[in-house]
1. Report yes if G10 is in contact with a helix residue (DSSP H, G or I) (Cβ under 7 Å, 6 or more places away or on another chain) and within 21 Å of A231 (Cβ to Cβ), otherwise no.
2. Could you give me the residue pairs with C-beta distances under 6 Å whose first residue belongs to the range 33-45 and is within 21 Å of F147 (Cβ to Cβ) and charged (D, E, K, R), whose second residue is modelled with pLDDT of 80 or more and loosely packed, with under 14 Cβ neighbours inside 10 Å wherever it lies, and which are 6+ apart or on separate chains?
3. How many residues, within the range 197-224, are at pLDDT 80 or above and surrounded by 14 or more Cβ atoms within 10 Å (Cβ to Cβ)?
4. Right, L90: of a type outside the set (G, A, S) and touching a residue at least 40 places away in the same chain (Cβ under 8 Å) or not?
5. Looking at L80, L91, L41 in this structure, which one is under 15 Å from the mean Cα position of the chain (by Cα) and either buried (at least 19 other Cβ atoms within 10 Å of the Cβ) or at pLDDT below 85 (or both)?
6. Just one of (1) surrounded by 24 or more Cβ atoms within 10 Å (Cβ to Cβ); (2) under 18 Å from I179 (Cβ atoms) trips up G53, so point out which.
Amino acid sequence: RLPVLMYGIGFDARSAVPLNLLTSLITLAFALAVRSRAVSLASVVPHLPEMIGLLAGGIASAFYGAHLVSRLRDSHLVRLIAALLASLGLLMIVEAFLPFQSGDLLPASATAHFIVGAGIGIAVGLVSSVLGVAGGELLIPALILIFGADIKTAGSASILISLGVVSTGLWRFWRADAIPRGRGPQRITTAMALGSIVGATFGGLAVAYAPVTFLKMLLGCVLLAAAAKTALAARGSN
């Protein structure tokens with residue numbers, strides 16, 4: 001959504017990020033409501049130590065990340081966005097060829113799970129607040145690969161963690177009076193949120209039939225193209 005807000009609609013990066021974050025919050029709230037009816041959220045209880053760590057690190061980092069967005073020069077912010085988009089694009093392509101397998105790389109210690117979760121949460125919060133995304137692209141692989149969660153549990157835990165991280169970033173932008181106001185931004189945010197909700201609904205229904213590897217490759221390439229366009233825009237503004 002961020003490239004669409006910046007290049008399809010014409011918002012500058014500083015305005016596009018909080019609008020994207022607001023859209024993410026609406027989509028997450030809907031996803032939680034739908035998921036809680038289809039999947040028991042009790043499955044996340046064994047993973048509470050790492051979830052609390054991820055949430056704590058994510059909230060702290062999101063608070064700082066939102067401040068960073070408001071402080072960085074426009075050209076530096078655009079370069080940071082380009083780098084993060086490229087990183088996520090590469091992650092999607094790698095995951096298409098090397099699907100994540102559930103594993104548990106840590107000792108059975110709640111303290112260890114919390115500490116590692118907090119460290120990963122810092123990265124998640126920064127990505128969330130700078131790109132205006134929920135951070136599931138990082139949370140779900142971490143929960144599966146490092147903490148041994150199955151894919152359904154990881155998805156539920158990711159939504160719960162992201163709600164706290166995204167809300168913190170959005171609150172920080174609101175306190176800084178950095179969220180665009182007026183009917184135009186409101187209509188655009190509503191339309192994008194509705195589109196995301198519809199897309200998520202159909203995606204959930206089609207998951208058994210969709211060519212997942214191809215879609216991940218396609219999304220990865222789109223993110224890399226958006227990163228390249230963003231980087232070129234930053235160079236052209238100098």
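The values are calculated or read from the model by the stated rules, or taken from the named source; none is laboratory data. As the structure is a prediction and not an experimental result, all values here were calculated from the model. Please note: Cβ atoms are built from the backbone with ideal geometry, for glycine as well, and neighbour counts cover all protein chains shown.
1. On the way: in contact with a helix residue (DSSP H, G or I) (Cβ under 7 Å, 6 or more places away or on another chain): no; within 21 Å of A231 (Cβ to Cβ): yes.
No: the conditions fail for G10.
2. That search, which allows pairs on different chains as well, returns nothing.
3. To start, the set of residues in the range 197-224 that are at pLDDT 80 or above comprises 197-198, 217-218, 220-224.
Then keep just the ones that are surrounded by 14 or more Cβ atoms within 10 Å (Cβ to Cβ); that gives 197, 217-218, 220, 222-224.
Final tally of qualifying residues: 7.
4. Working: of a type outside the set (G, A, S): yes; touching a residue at least 40 places away in the same chain (Cβ under 8 Å): yes.
Answer is yes for this residue.
5. On the way: L80 fails: under 15 Å from the mean Cα position of the chain (by Cα); L41 fails: under 15 Å from the mean Cα position of the chain (by Cα).
After ruling out the rest, the residue left standing is L91.
6. (2)
Let's see how each residue does on (1) surrounded by fewer than 21 Cβ atoms within 10 Å (Cβ to Cβ); (2) at pLDDT below 90; (3) outside any helix (DSSP H, G or I):
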{"site": "T111", "(1), (2), (3)": "yes, no, no"}
{"site": "V127", "(1), (2), (3)": "no, yes, no"}
{"site": "L143", "(1), (2), (3)": "no, yes, no"}
{"site": "K152", "(1), (2), (3)": "yes, yes, no"}
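Quick grid of which residues meet (1) among the basic types (K, R); (2) assigned to a helix (DSSP H, G or I); (3) more than 20 Å from E137 (Cβ to Cβ); (4) at pLDDT 90 or above:
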{"residue": "R37", "(1), (2), (3), (4)": "yes, yes, yes, no"}
{"residue": "V45", "(1), (2), (3), (4)": "no, yes, yes, yes"}
{"residue": "E50", "(1), (2), (3), (4)": "no, yes, no, yes"}
{"residue": "S70", "(1), (2), (3), (4)": "no, yes, yes, no"}
{"residue": "S75", "(1), (2), (3), (4)": "no, yes, yes, no"}
{"residue": "Q101", "(1), (2), (3), (4)": "no, no, no, no"}
